[in-house]
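The values are calculated or read from the model by the stated rules, or taken from the named source; none is laboratory data. Since the structure is predicted, the reported quantities are computational estimates derived from the model, not experimental observations. Reconstructed Cβ throughout: ideal geometry from the backbone, glycine too, with neighbour counts over all protein chains shown.
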Amino acid sequence: MTRDDEERFPEQFGRSVRAISDYMGIGLQIALSFALFVLLGFWADSKLGTSPLLLLAGVLLGMLGMALVLMKVVRQANKKK
């Protein structure tokens, strides 16, 4: 490696880590938004005895939450361009 390559490595590595952390954050937001509503629906079903109804409502709300997170991410990506 030349000296220039050694000096550019931390800069390139930093950009890569930032990009990966952005994508991991998006994935975590999507997974948590879905899981939260599904678990709340499951918990409410167990307390109220309305077996699949609130779980299905939780799944639908989780999907809506995932869609909202994805729309937010797409808007932010379009603003950066």
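Just to be sure, is residue 22 crowded, with 16+ Cβ neighbours inside 10 Å and either without any contact (Cβ under 8 Å) to a residue 12 or more places away in the chain or among the aromatic types (Phe, Trp, Tyr) (or both)? Against the criterion (crowded, with 16+ Cβ neighbours inside 10 Å and either without any contact (Cβ under 8 Å) to a residue 12 or more places away in the chain or among the aromatic types (Phe, Trp, Tyr) (or both)), residue 22 does not qualify.
For segment 22-81, give me the residue count where each residue is in a loop (DSSP other than H, G, I, E, B) and modelled with pLDDT of 85 or more.
The initial filter retains those residues of segment 22-81 that are in a loop (DSSP other than H, G, I, E, B), namely 49-52, 81.
Remaining after also requiring modelled with pLDDT of 85 or more: 49-50, 52.
Count: 3.
Taking the stated definitions as given, is residue 17 of a type in the set (A, V, I, L, M, F, W, C), in contact with a helix residue (DSSP H, G or I) (Cβ under 7 Å, 6 or more places away or on another chain) and either modelled with pLDDT of 80 or more or assigned to a helix (DSSP H, G or I) (or both)? First the steps, then the outcome.
Numbers: of a type in the set (A, V, I, L, M, F, W, C): yes; in contact with a helix residue (DSSP H, G or I) (Cβ under 7 Å, 6 or more places away or on another chain): no; either modelled with pLDDT of 80 or more or assigned to a helix (DSSP H, G or I) (or both): yes.
Answer is no for this residue.
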